[in-house]
1. Which aspartates and glutamates, if any, have their Cα less than 13 Å from the Cα of Lys48, not counting same-chain residues under 8 positions apart?
2. If we count every other residue with Cβ under 12 angstrom of Ile53's Cβ, Lys/Arg +1 and Asp/Glu -1, where does the sum land?
3. First compute the accessible area of region 67-111 with a 1.4 Å probe, then give the percent of it belonging to carbon and sulfur atoms.
4. Hey, what do the phi angles of region 126-131 turn into as Karplus ³J(HN,Hα) couplings, whole Hz, using 6.51/-1.76/1.60 and θ = phi - 60°, x for Gly and Pro?
5. Name the helices (complete DSSP H segments) of the chain with a Cα length along the long axis of 27 Å or more and a Kyte-Doolittle mean of at least -0.5, or state none.
6. On average, how much accessible surface per residue is there in the chain, in Å², for a 1.4 Å probe, leaving out ligands, DNA and RNA?
7. So what's the back-of-envelope 222 nm ellipticity for the chain, counting only DSSP H runs of four-plus at -39500 (n - 2.57) apiece and dividing by all residues, rounded to 500?
8. Taking amide H atoms as placed 1.01 Å from N in the peptide plane, list the residues 5 or more away in sequence, or in a different chain, whose amide H sits under 5 Å from that of Arg81.
Amino acid sequence: MARMTMRHARTVPPVGGGAAGSYRALYRTPAMERIRLITDGVRAEDAKKWLEIASLGRNATLAALDLPVATFNKKVKAGGRLSQAESERVIGFARLVGQVEAMVDEAGGPADFDAREWLAQWLTAPVPALGGARPIDLMGTMEGQGLVSQTLAQIGSGAYA
């Protein structure tokens, strides 16, 4: 039986402008589609848009995701794609923004809530539920991102209110 390839010319859903829900869309994207995005490699230009959080700064965000700034900038300039591992970390980070957006929506929060800025503040402060660690220091691994996502879900459920 011939092996079917899952590679497609996919890009990350657009961000910015009127696409405030795109992080949420990525958060709700089925796992198989996210796997395809990761396998194909996220376009560096798309990753740049996903990681634009003014109060964190792109360099700090790249460092937290263990992405060398110079390499990332070269990939953006050349129109290249991130490696699978880099893509996975970027998508995982963007999904956290979507998770916060979804939590606020489900709680009936304000329409003008800025999930990126809230997340930036939360990521950089020590969190007792994480043993006093700053969530941003866990962003470089998928295991760390999973723990941060789980902690956000517990906050959303009131477990750490």
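1. Glu86
2. On the way: positive: Lys48, Lys49, Arg58, Arg116; negative: Glu52, Asp114, Glu117.
With Lys, Arg at +1 and Asp, Glu at -1, the neighbours total +1.
3. Working: 1120 of 2140 Å².
The C+S portion of the solvent-accessible surface of region 67-111 is 52 percent.
4. For region 126-131, the Karplus curve yields x, 10, x, 5, 9, x Hz.
5. Values: long enough: 84-106 (32 Å, 0.00).
Counting only whole DSSP H runs, the qualifying helices are 84-106.
6. Working: 8610 Å² over 161 residues.
Result: 53 Å² per residue.
7. Numbers: 8 runs with 89 residues, N = 161.
About -17000 deg cm²/dmol.
8. Answer set, sorted by chain and number: Ala44.
The values are calculated or read from the model by the stated rules, or taken from the named source; none is laboratory data. Note that the coordinates shown come from a computational prediction; the quantities given were computed from them, not determined experimentally. As a convention, Cβ positions derive from the backbone with ideal geometry for all residues, glycine included, and neighbour counts pool all protein chains shown. Side chains are part of the model used for accessible areas, which takes the heavy atoms of the whole protein and leaves out ligands, DNA and RNA. Shrake-Rupley method; radii C 1.70, N 1.55, O 1.52, S 1.80 Å.
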